[in-house]
Amino acid sequence: MTIKVGDRIPAATLTAMGPDGPKPVTTEELFSGKKVALFAVPGAFTPTCSAKHLPGFVGQAAAIKAKGVDAIACVAVNDVFVMDAWGKSQNVGDKVMMLADGSGNFAKALDLELDLVERGLGVRSRRYSMIVDDGRVSQLNLEEGGGFEVSDAGTLLGQL
């Protein structure tokens, strides 16, 4: 069943690039006792994700954090090395955590998988943004089809 407002984020492990290499980040560690702006993209280095989605959150990071958000995180079904390279190419710095869902387990746990097998891209994550308060979804902006209408940084900022 697809995650919805009021639901708890399921237990999963994502991966971030740390100073000593890849490091696991559990959802409990990421969300417990914090307010987190989380957004997902179908893939790193893809056109809409690189031109609009990630840059919007980088540009609005200070304003989002000023509304009481402890962290902003981007997740995609890519490996940690790709997510790290994408973050560097987008000059993300410490504004947005770049999280890899390498095998798509987090997308599957949320029931937000996007099947792009016929297009040669495998199974990815649907595009969305959400606010997670202490592990519980308080806002969810889920895109339909290939749209980029409701999961942008400006929409999320307006919901804080």
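Go through Thr48, Ala107, Pro22 and say which Cα lies farthest out towards the positive end of the charge dipole of the chain; charges sit on Cβ, +1 for Lys and Arg, -1 for Asp and Glu.
Thr48
Work out the charge dipole of the chain with +1 on the Cβ of Lys and Arg and -1 on the Cβ of Asp and Glu about the Cα centre, then indicate which of Met83, Leu142, Ala62 is farthest towards its positive end.
Ala62
Under 10 Å, Cα contacts only: if you run a Gaussian network model on the chain, which one of Pro47, Pro24, Pro55 comes out with the highest mean-square fluctuation?
The residue that fluctuates most here is Pro47.
At 10 °C and 1.306 mPa s, what whole-number value in µm²/s does Stokes-Einstein give for the translational diffusion of segment 14-64, with Rh from the Kirkwood sum over Cα pairs?
123 µm²/s
In square nanometres, what is the average projected area of the Cα convex hull of the chain?
8.4 nm²
Assign unit charges at the C-beta atoms only (+1 for Lys and Arg, -1 for Asp and Glu), then state the dipole size of the chain relative to its Cα centre in Debye, rounded to the nearest 20.
Approximately 300 debye in magnitude.
I'd like the antiparallel share, as a percent to the nearest 5, of DSSP beta bridges with both residues in the chain.
The antiparallel proportion sits near 70 percent.
Using only Cα atoms, locate the centre of segment 34-89 and the centre of segment 112-160, then give the distance between them in Å, rounded to an integer.
That distance is 11 Å.
No lab work stands behind these numbers, since they all come straight from the coordinates. Note that the coordinates shown come from a computational prediction; the quantities given were computed from them, not determined experimentally. Neighbour counts are summed over all protein chains in view; Cβ atoms, including those assigned to glycine, are modelled from backbone coordinates with ideal geometry.
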